[in-house]
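A.B. asks: Following this message is one structure expressed as structure tokens.
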Amino acid sequence: MAKQNLLPIDEQPERYQTLALVMTVCAAYLPLARYLNWRVSAFVALMLMLRFAAVRWPAAAPGRWLLLGLTLVGVANCLLANHTLIGKLGGTSLLATMLALKLLELRARRDHRISAIALCFVVVVQFLFDQGIGLTLYFGGIAFMIVALLVDLNGGLGSTPIRRAVPVVLRISLQALPLTIVLFALFPRLTSPLWSLGVDQDRGTMGMSESMEPGSISELVINGDLAFRARFDQHPPGSDRLYWRGLVLWEVDNRKWSPGRVGQYQTVNPELTQATERIDYEIVLEPSQQRWMFSLDLPIEHPPNTVLSSDFQLLSDRPITTAKRYRLSSALEFRTAMPAEAEQRYALRLPANTSARMITLVKQWQLETDSDWALVQQGLDFFNREEFHYTLLPPKLGANPWDEFLFETRSGFCEHYAGSFAVLMRIAGLPSRVVLGYLGGEPNRIGGYHLIWQSDAHAWVEVMIAERGWVRVDPTSAVAPFRVDNRGASRLLGAYAPARFHIDSTGVLSMAIRQLRLLADSIDAVWQRSVLDYSAAEQTRLLYRLGLADYGEFALAGIMVAAVTIVMGLILFGLIRQPDAIDPASRCFSLLCRRLAAVGLERNAHEGPLDFAARVAVARPEFSLRVNAIVALYIRGRYMPNPTAADIQSLSRLVKAFVPTRQRRSFSDTKRRKYLT
Amino acid sequence: MPQSTPHPQIKLIETLLDTAGTVILGKEREIRLAVTCLLAGGHLLIEDLPGVGKTTLAHLLARLLGLQYSRIQFTSDLLPADVVGVSVYERGTESFRFHPGPVFAQLVLADEINRATPKAQSALLEAMEERQVTVDGETRLLPAPFFVIATQNPSYQVGTFPLPESQLDRFLMRIRLGYPATAQEKELLAGEDRRAMVLRQSAVLSATEIAALQTAVGRVHVAAPLIDYCHGILGFSRRCERFVHGLSPRAGVGLLRAAKAWALLDGRHFLIPEDIQAVLPACVIHRLIGNDGTGRLDHDEVSTLILTAVAVP
């Protein structure tokens with residue numbers, strides 16, 4: 001305490017400043033709690049509580065040695081939680097811990113300033129985790145608080161900080177806006193984010209997994225995340241035709257379906273013998289850390305930096321770590337070319353646990369039908385006729401899931417139907433494969449696009465029929481509608497249930513919530529498209545347009561430095577030119593001076609108003625009456641104590657009405673002028 | 001001009017200026033500056049060659065202002081006691097009695113101040129600053145108002161002890177009279193004796209009226225932009241390479257006070273930039289030293305330099 005008294009008076013912080021700082025820190029920490037290890041969050045929370053206690057009882061503030069001990073504990077705690085102090089999570093944890101500790105030694109205003117600036121880093125770092133518009137707005141509020149606090153700590157808000165905070169911070173922010181735009185547009189972007197340079201090891205995959213076993217999709221469906229957004233150039237097709245193709249699974253073993261051996265049968269030139277009902281669209285794919293991308297069944301063109309395999313899988317060159325936007329075209333009506341012999345044989349391999357019951361069933365179908373397609377119909381009839389239930393909560397399956405599902409439990413999700421149906425078709429000698437993807441999507445009429453959620457995940461079967469190539473068969477859709485259990489689904493999914501569960505959405509409240517959610521998503525999509533998607537590619541395009549592409553980042557940096565210089569120069573020029581345009585009388589007088597300067601009567605900077613008026617009166621006697629009146633009012637408004645608003649108004653009126661004209665030079669004028677000068 | 005109710009004594013000041021103008025011809029601006037200086041409560045230094053009317057001006061002002069007047073002719077053998085007075089032992093009362101010197105007057109004309117030795121000079125200059133005199137351990141207040149009008153010959157003349165800067169700083173203004181213009185000089189030659197004219201004048205103002213005017217000077221309103229302007233002038237004088245050092249804060253205070261008095265003389269209760277510009281040359285010229293080796297500065301050039309360098313806000 002004795003130390004605090006040694007501070008100069010203007011360095012002593014006010015109590016409200018300390019409180020505002022600590023509360024802003026708390027607010028900035030809140031969203032971080034989702035990502036930090038609970039140990040780190042607990043330590044930070046403990047330190048913040050200690051801080052609040054110290055505001056109330058200053059004696060509770062820890063001394064230097066205790067603080068050192070706490071620091072060691074904090075670092076150890078971070079190590080214990082993340083096993084590292086670097087990387088996205090490790091570094092953020094350390095930063096959060098250290099800032100919380102710094103708050104415990106807030107003595108001078110200087111400490112407050114340092115903490116407020118460090119808090120900016122805590123805010124920026126959180127954009128590594130989430131860049132949504134909601135969080136961005138939230139951090140906008142926090143940035144406002146930080147700026148207001150910094151201005152106040154430097155005495156810029158005076159004795160009425162709350163009243164002056166908004167205009168002052170808005171002005172400062174507006175001044176920073178041009179620079180922000182320049183830096184946003186021109187600061188050289190890294191093509192891959194820093195944290196994928198091997199610094200961070202915790203890259204979890206998101207969305208669809210690589211293989212399919214009973215239960216894998218239903219897990220995904222419960223996940224409420226967005227998979228991608230799609231915007232159609234033409235009128236969008238109906239939901240039941242929106243089969244979003246992802247992975248194609250060829251291999252089946254006792255429990256799961258997995259992709260084929262890449263490269264063995266997949267060529268890069270898929271063939272379509274017929275492709276009609278062409279549709280063009282754009283997809284913004286959420287990051288998945290995987291390579292596969294989604295396209296409407298079946299794609300006929302693929303975007304650059306992608307590969308279209310022979311089984312019409314769209315694959316990206318590199319894992320998708322940030323939101324990816326791409327355009328492509330599909331044909332809704334299509335007929336594929338007949339696959340090669342080897343490929344057909346590959347699509348007939350059976351799992352080892354194919355049961356006798358399954359073979360008997362298929363044999364019976366074969367007796368009843370005469371064509372391949374009729375056999376397929378027979379299979380679909382089977383799912384429709386028998387007691388098959390469609391549910392998100394299927395019973396657990398044992399060692400032979402395909403057999404158990406077909407003959408015992410008979411309730412399952414799309415992966416059960418697709419997986420077992422494909423096995424049945426293979427038994428019947430029809431080459432089959434399973435396709436993983438999404439079905440349908442939620443149209444957002446406000447934003448004019450479709451939202452495809454993880455809960456729209458779906459699996460279906462493709463069967464090879466002679467003369468027709470691969471034909472899509474969706475066994476799930478064969479289930480009798482009255483056996484669809486939508487209660488389980490709605491309980492699990494809440495508002496995010498896919499449209500095919502027929503959630504009752506007639507209630508006013510649920511309609512309103514739905515509309516609000518779609519509106520929020522539209523804003524989010526615009527944010528994504530205009531801000532987050534701005535990347536190295538756009539910058540390269542800009543360089544191409546300027547003809548500077550060869551110089552790469554150096555050109556970009558050069559342009560940026562030039563633009564920053566221009567912006568700063570303009571701001572500086574504005575500051576120099578109009579030092580106090582705030583004063584209304586002064587503004588009016590400036591206007592008068594500009595108008596007189598336009599007719600050749602420029603006021604010297606050092607010339608007082610009366611001197612100027614006198615000079616004008618000599619040069620242009622016809623102006624003297626009006627100029628004298630204006631100058632008299634100006635002197636009243638600017639130099640007299642407590643000028644009246646009426647004076648300022650009449651000054652403004654007089655100045656606006658006074659538009660001097662250039663002198664017509666007659667012979668006598670020229671002579672008089674000569675005489676005067 | 002903006003209308004404001006002029007101070008009641010302003011009319012008298014106008015009369016004073018008009019009358020003075022009839023005696024000292026063609027020097028209206030200098031007379032006005034001198035009156036401004038006195039109203040601002042400052043002391044005035046008149047520097048010029050002998051015979052241009054310095055003493056006449058001082059004497060005339062004393063008459064018109066109705067002030068008790070005394071004159072000290074500074075010579076090289078002048079002693080401090082000649083200025084402040086001396087205690088003399090009186091046999092009758094068997095005690096020392098103080099005989100006040102010529103400084104105990106309301107208006108003191110210190111003629112040719114740079115002819116005296118620094119010791120004698122400092123006796124007067126101390127009295128100017130403190131407005132009191134300490135003799136034999138006893139402090140005696142000088143009368144109020146107390147003005148000193150000092151005259152000095154240009155320092156390049158023989159037999160002068162130039163006043164140091166610190167002492168020059170105690171004068172609010174330094175003015176020059178200069179030779180009269182042709183017409184005025186002819187009128188002067190044709191007219192009657194100026195000394196006689198001065199003696200014929202009667203007081204226009206009383207001491208209380210002067211005190212009231214001085215109070216009114218303090219009340220003249222100075223708007224914030226003019227404080228900036230004044231500060232800009234001080235800043236420029238400190239930055240400008242033409243000067244050895246810039247103007248002191250005391251010079252700034254004096255400049256503003258003089259400008260306020262000028263505004264009051266103009267019948268205004270608030271300052272405008274022209275007031276500062278009007279008094280600036282007289283207020284700063286003796287406080288600045290040139291950087292060209294001789295230390296001398298040209299009066300008009302310096303005023304132009306400063307006035308054109310600083311923008312009017």
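A.B. asks: So the label point goes 7 Å from the Cα of A:Val526 along Cα→C-beta, right? Which residues of the range A:436-450 then have their backbone N under 17 Å from it?
C.D. replies: Only A:444-450 pass the distance filter.
A.B. asks: Summing Lys, Arg as +1 and Asp, Glu as -1, what charge do residues with Cβ under 13 Å from the Cβ of B:Ile10 carry, B:Ile10 excluded?
C.D. replies: Computed value for this residue: -1.
A.B. asks: Given a Förster distance of 41 Å, report the FRET efficiency between A:Leu548 and A:Arg15 from their Cβ-Cβ distance, rounded to the nearest 0.05.
C.D. replies: So the FRET efficiency works out to roughly 0.15.
A.B. asks: What value in Å³ per residue do you get for the convex hull of the alpha-carbon atoms in chain A?
C.D. replies: In chain A, the Cα hull volume divided by residue count equals 265 Å³.
A.B. asks: Looking only at other chains, what is the average number of their beta-carbon atoms within 10 angstrom of each beta-carbon in B:269-281?
C.D. replies: 4
A.B. asks: Taking a ≥ b ≥ c as the square roots of the Cα gyration tensor eigenvalues, with a/c under 1.5 meaning rounded and otherwise prolate when a/b beats b/c, else oblate, which class fits the range A:222-501?
C.D. replies: Oblate.
A.B. asks: Which distance in Å, rounded to a whole number, links the C-alpha centroids of the range A:618-662 and the range A:57-129?
C.D. replies: 60 Å
A.B. asks: What order do you get for A:324-337, A:88-101, A:66-79 when each peptide is scored by the mean count of other beta carbon atoms within 10 Å, highest first?
C.D. replies: A:88-101, A:324-337, A:66-79
A.B. asks: Using 0.36 nm times the number of residues separating A:Arg626 and A:Thr321, minus their current alpha carbon distance, what extension gain do you get?
C.D. replies: Going from the current span to full extension adds 102.8 nm.
A.B. asks: Under a plain spin-label model, where a point goes 7 Å from the Cα along Cα-to-Cβ, how far apart in nm are A:Asn154 and B:Val253?
C.D. replies: The answer from the label model is 3.3 nm.
A.B. asks: While we're on this one: Starting from the Cα of A:Asn254, step 7 Å toward the Cβ, then list every residue of the range A:395-439 with an amide N under 16 Å from that point.
C.D. replies: Residues passing the 16 Å test: A:397-405.
A.B. asks: Follow-up. Given H placed 1.01 Å from N in the peptide plane, which residues other than close sequence neighbours of A:Ser288 have an amide H under 5 Å from its amide H?
C.D. replies: Answer set, sorted by chain and number: A:Ile320.
A.B. asks: Where is the GNM fluctuation largest for chain B (alpha-carbon springs, 10 angstrom cutoff): B:Val88, B:Val253, B:Val222?
C.D. replies: Checking each option, the largest mean-square fluctuation is seen for B:Val88.
A.B. asks: Right, next: Please give the contour-minus-distance gain from A:Cys26 to A:Ala399: 0.36 nm per residue of separation, less the Cα-Cα distance, rounded to one decimal in nm.
C.D. replies: 129.1 nm
A.B. asks: How many angstrom lie between the Cα centre of the range A:213-260 and the Cα centre of the range B:131-200?
C.D. replies: If you average the Cα positions of each part, the centres end up 105 Å apart.
A.B. asks: Given only helices, namely DSSP H runs of n ≥ 4 each adding -39500 (n - 2.57), what is the per-residue ellipticity at 222 nm of the protein assembly as shown, to the nearest 500 deg cm²/dmol?
C.D. replies: Rounded to the nearest 500, it is -15000 deg cm²/dmol.
A.B. asks: Work out how much length A:Val75 to A:Glu282 would gain on full extension: take 0.36 nm times their residue separation and subtract the Cα-Cα distance, in nm to one decimal.
C.D. replies: Taking 0.36 nm per residue and subtracting the Cα distance, the gain is 69.8 nm.
A.B. asks: Which ³J(HN,Hα) values, rounded to whole Hz and listed in residue order, are derived for the range A:158-169 from phi using the Karplus coefficients 6.51, -1.76 and 1.60 in 6.51 cos²θ - 1.76 cosθ + 1.60 with θ = phi - 60°, glycine and proline given as x?
C.D. replies: Each residue's phi maps through the Karplus curve to give x, 8, 10, x, 5, 5, 8, 4, 4, x, 5, 5 Hz.
A.B. asks: Here's something else I'd like to know. Using alpha-carbon positions, what is the distance between the centroids of the range B:267-292 and the range B:64-106, in Å?
C.D. replies: 35 Å
A.B. asks: Using a Förster distance of 45 Å, how high is the FRET efficiency between B:Ser206 and B:Arg242, based on the Cβ-Cβ distance and rounded to 0.05?
C.D. replies: E between B:Ser206 and B:Arg242, to the nearest 0.05, is 0.50.
A.B. asks: Continuing with the same structure: Among B:Leu44, B:Leu265, B:Leu141, which one shows the highest mean-square fluctuation when chain B is modelled as a Gaussian network with alpha-carbon springs under 10 Å?
C.D. replies: Of the options given, B:Leu141 has the highest mean-square fluctuation.
A.B. asks: Then there's this: Listed highest first by mean packing, meaning other Cβ atoms within 10 Å per residue, what order do A:154-162, A:250-258 come in?
C.D. replies: Packing proxy ranking, top to bottom: A:250-258, A:154-162.
A.B. asks: Holding the Cα-Cα limit at 21 Å, pick out from B:Lys11/B:Lys260; B:Lys54/B:Lys119; A:Lys656/B:Lys260 the pairs that are longer than that.
C.D. replies: Listed pairs above 21 Å: B:Lys54/B:Lys119; A:Lys656/B:Lys260.
A.B. asks: Just B:Leu213, B:Leu189, B:Leu234 to compare: in a GNM of chain B, with alpha carbon springs under 10 Å, which one fluctuates most?
C.D. replies: Among B:Leu213, B:Leu189, B:Leu234, the largest GNM mean-square fluctuation belongs to B:Leu189.
A.B. asks: Here's another thing I want to ask about it. What is the sum of charges, Lys and Arg at +1 and Asp and Glu at -1, for the other residues whose Cβ falls under 14 Å from the Cβ of A:Val44?
C.D. replies: That sum, taken over residues with Cβ under 14 Å, equals +4.
A.B. asks: Taking the Cα-to-Cβ direction at A:Arg541 and at B:Phe98 and moving 7 Å from each Cα, how far apart do the two end points lie in nm?
C.D. replies: Each label point lies 7 Å from its Cα, and together they span 9.4 nm.
A.B. asks: Also: Give me the net charge for the shell around B:Gly42: Cβ to Cβ below 10 angstrom, other residues only, Lys and Arg +1, Asp and Glu -1.
C.D. replies: Neighbourhood net charge equals +2.
A.B. asks: I've got another one for you. Which order, highest average first, do A:104-115, A:363-374, A:423-434 follow once you tally other Cβ atoms within 10 Å for each residue and take the mean per peptide?
C.D. replies: The packing order, highest mean first, is A:423-434, A:104-115, A:363-374.
A.B. asks: Same structure, new question: Between B:Thr22 and A:Thr644, with labels modelled 7 Å along Cα→Cβ, what's the label distance in nm to one decimal, could you check?
C.D. replies: 4.1 nm
Taken together, the values in this text are just the output of simple stated rules run on the coordinates, not laboratory data. Note that this is a predicted model, so its numbers are computed, not measured. So basically every Cβ, Gly included, is an ideal-geometry build from the backbone, and we count neighbours across all protein chains shown.
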